[in-house]
Amino acid sequence: MMKNNSAFQILVSFGFLLALCDCLAAPSSGDAKLDSAIQKANSEFLTAVKTGDAATIAAPYADNGVFVLPDGTCIKGRAEIEKMYRTGFEKAGPPKSTNLDSKTITLDGDFAYESGSAEVTGEKEGKPVTRTSRYLTVWHRTADGEWKIVRNIVLS
């Protein structure tokens with residue numbers, strides 16, 4: 001009887017771990033190239049934020065991409081988006097920590113919509129300050145089949 005109970009507990013634990021892994025897995029659009037582009041951009045963003053590498057953060061944007069700040073201000077063009085990040089790093093330095101949670105990806109022809117949340121902890125007057133926000137990133141498939149960010153909207 002004890003062996004059956006142990007086997008049952010193992011099966012329940014295994015099922016729980018599978019369910020947990022499924023919940024923690026990155027969302028998928030069904031388009032391998034898009035999923036790869038999003039995973040790469042998000043991974044590189046997290047690394048580049050730690051080192052203040054504005055060029056890497058701006059790299060996945062289309063030349064005419066637009067970054068919309070929570071107050072509605074629009075930063076237009078990859079070069080200006082890179083400049084925005086560079087200026088921010090020069091003023092405040094890289095954040096102490098950053099977390100990005102991509103929650104959904106919806107594919108619609110040559111466009112895709114990624115939504116999620118972010119948490120950034122910086123420092124102000126020697127004290128940690130954490131900002132949380134939601135985001136909506138619009139990706140576009142280019143003529144050569146690559147995926148680029150055309151809009152990135154940050155909501156506070």
Checklist entry - Would you call E123 of a type outside the set (S, T, Y), closer than 22 Å to Q39 by Cα and in a strand (DSSP E or B)? => result no
Next on the checklist: For the structure I just gave you, tell me whether N99 is farther than 22 Å from T47 by Cα, at pLDDT 95 or above and either assigned to a strand (DSSP E or B) or not hydrophobic (A, V, I, L, M, F, W, C) (or both).
Outcome noted: no
Item to check | Cβ pairs under 6 Å, 6+ apart, first in the range 108-129 and closer than 12 Å to P95 by Cα, second of a type in the set (A, V, I, L, M) and exposed (fewer than 14 other Cβ atoms within 10 Å of the Cβ) | outcome: G122/A92; G122/V129
Next on the checklist: I'd like to check something: does the range 58-70 contain any residue that is assigned to a helix (DSSP H, G or I) and not charged (D, E, K, R)?
Outcome noted: yes
Next on the checklist: Here is a check on your reading of the model: is A55 small (G, A, S), free of Cβ contacts under 8 Å to residues at least 60 places away in the same chain and assigned to a helix (DSSP H, G or I)?
Outcome noted: yes
Checklist entry - Restricting the range 91-104 to residues that are touching a residue at least 12 places away in the same chain (Cβ under 8 Å) and more than 25 Å from W139 (Cβ to Cβ), which is surrounded by the most Cβ atoms within 10 Å (Cβ to Cβ)? => result P94
Checklist entry - Here are R86, R131: which of them is of a type outside the set (D, E) and either assigned to a strand (DSSP E or B) or closer than 30 Å to G30 by Cα (or both)? => result R131
Item to check | Test: residue in the range 19-39 that is over 20 Å from F111 (Cβ atoms), modelled with pLDDT of 95 or more and either within 20 Å of the chain's Cα centre (by Cα) or of a type in the set (G, A, S) (or both) | outcome: no
Item to check | Count of residues meeting criterion [under 21 Å from E119 (Cα atoms) and touching a helix residue (DSSP H, G or I) at 6+ places or on another chain (Cβ under 7 Å)] in the range 76-94 | outcome: 6
Item to check | Members of the range 102-120 found to be among the small types (G, A, S) and assigned to a strand (DSSP E or B), listed by number | outcome: S102, A112, S115, G116, S117, A118
Checklist entry - Does the range 103-123 contain at least one residue that is within 15 Å of the chain's Cα centre (by Cα) and of a type in the set (K, R)? => result yes
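The values are calculated or read from the model by the stated rules, or taken from the named source; none is laboratory data. Since the structure is predicted, the reported quantities are computational estimates derived from the model, not experimental observations. No Cβ is skipped: glycine too gets one built from the backbone with ideal geometry, and neighbour counts run over all protein chains shown.
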